[in-house]
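The values are calculated or read from the model by the stated rules, or taken from the named source; none is laboratory data. Computed from a predicted structure; not experimentally measured. Methodologically, a virtual Cβ is constructed for each residue, glycine included, from the backbone with ideal geometry; neighbour enumeration extends over all protein chains shown.
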Amino acid sequence: MLNICQETQVLLSRQFQQKTLAHAILLQGIEGTGKPALAKWLIELLICKYPISFISDLPDHAEISQACNQCKSCLLRKSGSYPDHLLLSSDNKTLGVDDIRRGNSFLEKTAHLGQIKTILIPQAQTMTVAAANALLKTLEEPSQNSFIVLLSEDLDSLLPTIVSRCAIYTIRPVVGEALLLKLKSSGFSEHSLPQNRAAMPRKLDSSFVNLSQLAELTDAATFQAFEEFNQRYLDYLTTGQSEPQLLIQLIENKHGLRWLEKITCNLVRQHYLTNGPDSSNSLATHQDGLGKNEISELVISPEVLNQIYQAIISSNKLIKSFTQANRQFVAEQLLMTINTIVRPST
Ligand SMILES: [Zn+2]
């Protein structure tokens, strides 16, 4: 299991042991953060009759529970014949109402093994509105001993009514120092980092985020808006210009804050991946896979970018924790904070 998920594993293990796990569990995070592996671990744990524990790599040596892999339920699961788990995915682009109804009737029946029933929805954001509404009823009146695990890259693309009925666990990608530690623990010396990310070995590649994987960017108009947003943000970081335009986009574009978070996150990553940790603080970045021809020279240290990243995460939390949050106020404050971080003297 990826280290970056261990904190979430500890939290879920504790709730599992205390029997306080929510019936609907939403694992949220951008591609590459290990959601599928986390969901697999959790469902195996829920299925197991005699779970065991191990000590995590975390500084406080917290315990993580896991399936025993030996009990009857585990053996059935491993042989692919465990009857009380349902995977709800679709070959189509969307998950339709019929798929969700299949899940609902699965939950209505008694568990074969007389214990719990689990459902996994790996691409929750592909649910149609009708499907989401069908699921809503189940979330409102959960059947006994049932667990629904949903994965999504983006809360914005789910109905708020669904989100509000789930316990949400956000898995964030590693940046900065944590990213370096992870690289080192994966056996990479600081000087052997490949210049080209395409040259990265596969096992590492999965833990790095590629911005072009943002789901909404498959839409041409949104992609163009993203490029424009990206350029404005880089302008703002380097020159302090474009603030009014950036502010409007942050207020009016529902993806704005998330894009800001991801662009910043990738700037930090690109620095470490292309320069290694011992290079000078200057950051020369090109928009990998995004911009076609523009090359921006940024002279911002990764430490500063990390501070900006933290400020963006705080603003994102603020917006999400108050449904009535004044978006404009939060966006203005954030831009002021970023400006102070980048240009402390002004
Ligand atoms: Zn077991």
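Candidates in segment 85-114 are the residues that are acidic (Asp, Glu) and either within 13 Å of the ligand (Cβ to nearest atom) or in a helix (DSSP H, G or I) (or both); of these, the one that is surrounded by the most Cβ atoms within 10 Å (Cβ to Cβ) is ASP99.
The residues of segment 11-44 that are within 16 Å of the ligand (Cβ to nearest atom) and either among the small types (Gly, Ala, Ser) or over 18 Å from LEU151 (Cα atoms) (or both), listed by number, are SER13, PHE16, GLN17.
For segment 45-65, a tally of residues being more than 8 Å from the ligand (Cβ to nearest atom) and closer than 22 Å to HIS112 by Cα returns 2.
Here LEU58 does not qualify as touching a residue at least 40 places away in the same chain (Cβ under 8 Å) and assigned to a strand (DSSP E or B).
Within segment 144-155, residues that are not assigned by TED's automatic domain parsing to the domain that holds GLU31 and of a type in the set (D, E, K, R) reach no partner that is surrounded by fewer than 23 Cβ atoms within 10 Å (Cβ to Cβ) and not in a strand (DSSP E or B) with beta carbons closer than 7 Å at six or more positions or on different chains. Does LYS49 fit the bill of being surrounded by fewer than 17 Cβ atoms within 10 Å (Cβ to Cβ) and basic (Lys, Arg)? In short, yes.
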